[in-house]
Each structure stands twice: as C-alpha cells, then as structure tokens.
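Read through the structure below, which is laid out as structure tokens, and then see the notes.
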Amino acid sequence: MTHAAHAAQAGPLAGIRILDLTAVVMGPYATQVLADLGADVIKVEPPAGDNMRAVGPMRNPGMGHLYLHLNRNKRSIVLDLKQPEGRLACLTLAQSCDAVLYNIRPAAMARLGLSYEAFAERRPAIVYAGAYGYSEAGPYAGRPAYDDLIQGQTGIADLALRQGADQPRYAPLTLADRSVGLHMAIALLAAILHAREHGQGQSLEIPMFEGMAHMVLGDHLGGWTFDPPLGETGYARLLAPHRKPYATQDGHICLLIYNDKHWRSFFAAIGQPQMLQDPRFATHTARAAHIGEVYAYVAELMLTRTTAQWLALMAQADIPASKLYGIEDLVNDPHMQATGFIREVDHPSEGRLRTPAPLGRFSGTPTALRRPAPRLGEHSLQLLREAGYDQAAIDAMLATQATLDGQR
C-alpha cells in the first residue's frame, strides 16, 4: 500500500461511511470528530453551500475559517435536494453508508422525501440520526434553535448572574453546538455498532435542548436532586463569586487548591500551617460548605505576590496553577508546540493554515489530516461515479444544477 493510500484509510473508524446533510456547527462538528478518526464523511451541500462558508476571516469566498476547521477530512458533493434528481442521488449515496446525519427539522426532511423510511427501504441497516433543537416527543418539537438560544434556555446565561455578574451572559463559545455534537458522535457510533451486529438500523435523535440540560443539570441540580429537596439548585463551588482567575500584584493566575493534600501543601508553602485548624478549611466537606469564604481568602492572598512568584511556589508545592492565557498564548504554548497539536498544513486553494490536530493518539490506527476542507462540490463527480452514475446522468444533473462541479 502506498503512503497516500494508507493516509486515506488512517484512523480507527476507517471503513465507516457517513452521509452528512448537516450545516453550521453542531452536525459538522460531530462528523468532523468522526472524520478525524478515519470515517469517510460525505458532506452534502445545497448549491449555496454551508452557511459557515460565509463567515470570515477568509482568503477566498466560501472558505471561511470556521468552515475550514469543521469540515476537514470530508468530501463535498452538491445536491439540490428539492429536485427529484438530487433527492434520488442522496438516497443512492446512502445505500453505501452506515449512517445519515441531518439537522433540519424532521417534518422538513419528510417533505423532501428523505424520511427514515425512505432511506431504510433501500438500506435496512442505515442509522438515521437527527441533530436539531428539541425532541419530537415534546411540545417544543419543530421549533428553531441555535446555540445562543439553547444556552439561555438551559440556564447557562443565568448562571453568570448567580455567580455575581451584573447581567446574564452567553459563554463565548459555541458551547451547545459542540457539546451536543460530541453526544451525537457517540450516539451515532453506538447505533452503527448495533446495526453492524444485528443488521438492523434505526432512527435516533440527539436534541440540543435536552443535550445541554443533561450537562447543566449534572452539575447544578444540587439540592433538587432529592425529593423533597435538600436545598437550592446549583453547585456552590462553580457559582462562588471568586471562582475566576485571581488577580496578583502584576497580572492573573489560574489556580485550584482542591483536595486535602493541596491545602496542606499550600498552607505549608505560605508558612501558615495553623490554618488547617480553622474549621472552614479542615476537611473537603467543610471547604465545600464555606466555598465562598475559601475563594475570597485565596483571592485576597494572591494580591500579595507577583504571578511568577506564585507560579514558582505552586510548582514547588505540586498544586495545579497556570498563568492566564489568551488565545495567542494557547497557540504558542510550548507544550502544544512539542506535541504537534497545532498543525500547519497547506490547503490547495487557501494556502498555509493552522488547525488543531485530531485529538488523541492511537498506537495501532493513527489518525491523520487526510484531506483539507473541500471546496463547494469538489467531489461531486467523484462521488456520483462511485455511486454508479454514468457520464450522461451526471451531465443531466449538471444541466439542471441538481449538482455542481466544484473542480471547475
């Protein structure tokens, strides 16, 4: 096998094929994770392309930075699913796939003639996975949803108020999209394993609202875990006002003095071992009960030395600590450089790019950046030929713009 052929099959999921009808972030992130692990992901795009193609910065139209990261290791085919030829091509492609992932509302998929039954009729072992806002089992079924809305509706923005902020705030990340995208990737793999074992596929959904509620309530159900409640909702440590980077004499430090060993080492390092006799600090349970006072104590103490002095002292005491990073610091971090996590790659149309490496190391089935993010419809003709289309059928689809040739 040539090096190029080996690279094309890299990763533990080599041999799994996924038809990806999703756009924006949640679905593409789920399939990016799977593609990084070696799955053959076929990205189906409308003639206008994935919306994230238009979000800059970018060197060339339709190749925005978020699109480039979310869609590496995939192949792109343009199909106008509103045309009969496009719908038929989608169903035909799915016959060689383990799963199809979509993120428009199920009712819209049914109107397109792309329901679970339509795919399962051609391939009974297909996994048909929906990634959308709300479960079809509840009254919010069919409502539109985006990351900001879901962050607000699952209490994330309100948690900032409970921690002492002057107004609710969304986390400055596509937190819901990426968190639920990981759930989707796991669920998709689980269903594929079942289908391969039993020969029967299924329809599944991983909705954003329930997905983020799963994460938030896991931390913050608090006293409402019990019936009747044993107290208020919320995890006190996470909501403590001083749970943030501590100000020092000349900057900030990220520090977590957490377990009993840490606290013994910390008080010894600052020359105050008697503080262990303070009932607020004596045990993990006591510290949790007085967490606001504990964080406030550390915050006041951090102001007495410089960041470098504290980092040196914490390293000596084996207590987790770091200077406060910006994004630029993260990219240039020596550990990141040493592990090769920030990769520099050459894109055929976009030039030199930085991108995070596939996560994890596999000794027997190493992952790779096999393909750069594709141009719109870059693989349309290749994929149609793989599906059995002859040149006359392809030309007919090109004439009606049911597909586009991204190589032109």
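Quick rundown of the values:
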{"item": "Residue with peak Gaussian network fluctuation, the chain [Cα springs, cutoff 10 Å], from Phe226, Phe341, Phe281", "result": "Phe226"}
{"item": "Degrees, to the nearest 10: 26-36 long Cα axis against longest axis of the chain", "result": "80 degrees"}
{"item": "Fewest-first sequence of Asp158, Asp318 by Cβ atoms within 10 Å of each Cβ", "result": "Asp318, Asp158"}
{"item": "FRET efficiency, Ala137 to Gln163 (Cβ-Cβ, R0 41 Å, nearest 0.05)", "result": "0.80"}
{"item": "In degrees, nearest ten, helix 208-220 long axis to first principal axis of the chain (Cα)", "result": "20 degrees"}
{"item": "In sequence order, calculated HN-Hα J values of the stretch 392-407 (Karplus, 6.51, -1.76, 1.60; Hz; x Gly/Pro)", "result": "5, 5, 5, 4, 5, 5, 5, 5, 8, 6, 5, 9, 10, 9, x, 7"}
{"item": "Highest-MSF residue in the chain out of Asp36, Asp177, Asp395 [GNM, Cα springs under 10 Å]", "result": "Asp395"}
{"item": "Footprinting exposure proxy for His347, His198 (fewest neighbouring C-beta atoms within 10 Å first)", "result": "His198, His347"}
{"item": "GNM flexibility winner over the chain from Lys261, Lys43, Lys244 (Cα, springs under 10 Å)", "result": "Lys261"}
{"item": "Rounded to the nearest 20 debye, dipole of the stretch 246-323 from Cβ charges on Lys, Arg, Asp, Glu", "result": "100 debye"}
{"item": "Ranked by how many other beta carbons lie within 10 Å on average, peptides 362-368, 114-120 from highest", "result": "114-120, 362-368"}
{"item": "Per-residue ³J(HN,Hα) for the stretch 72-86, Karplus 6.51 cos²θ - 1.76 cosθ + 1.60, θ = phi - 60°, Hz, x for Gly and Pro", "result": "5, 6, 10, 10, 10, 10, 8, 9, 7, 6, 7, 9, x, 5, x"}
{"item": "Long-range HN-HN contacts of Glu205 with modeled amide H, under 5 Å", "result": "Gly130"}
{"item": "Principal-axis tilt of helix 260-269 within the chain, Cα atoms, nearest 10 degrees", "result": "50 degrees"}
{"item": "Whole-number D in µm²/s for the chain (Stokes-Einstein; Kirkwood sum over Cα pairs; 10 °C, 1.306 mPa s)", "result": "65 µm²/s"}
{"item": "³J(HN,Hα), Karplus 6.51/-1.76/1.60, whole Hz, each residue of the stretch 172-188, x for Gly, Pro", "result": "x, 9, 7, 5, 5, 4, 6, 5, 6, x, 5, 4, 5, 4, 5, 5, 4"}
{"item": "Ile257, Ile327 arranged by Cβ crowding within 10 Å, fewest neighbours leading", "result": "Ile327, Ile257"}
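None of the figures in this text is laboratory data; all of them are computed from the coordinates on show. Treat the numbers as computed from the prediction; the structure is a model and nothing was measured. Every residue, glycine among them, receives a Cβ derived from its backbone with ideal geometry; neighbour counts consider all protein chains shown.
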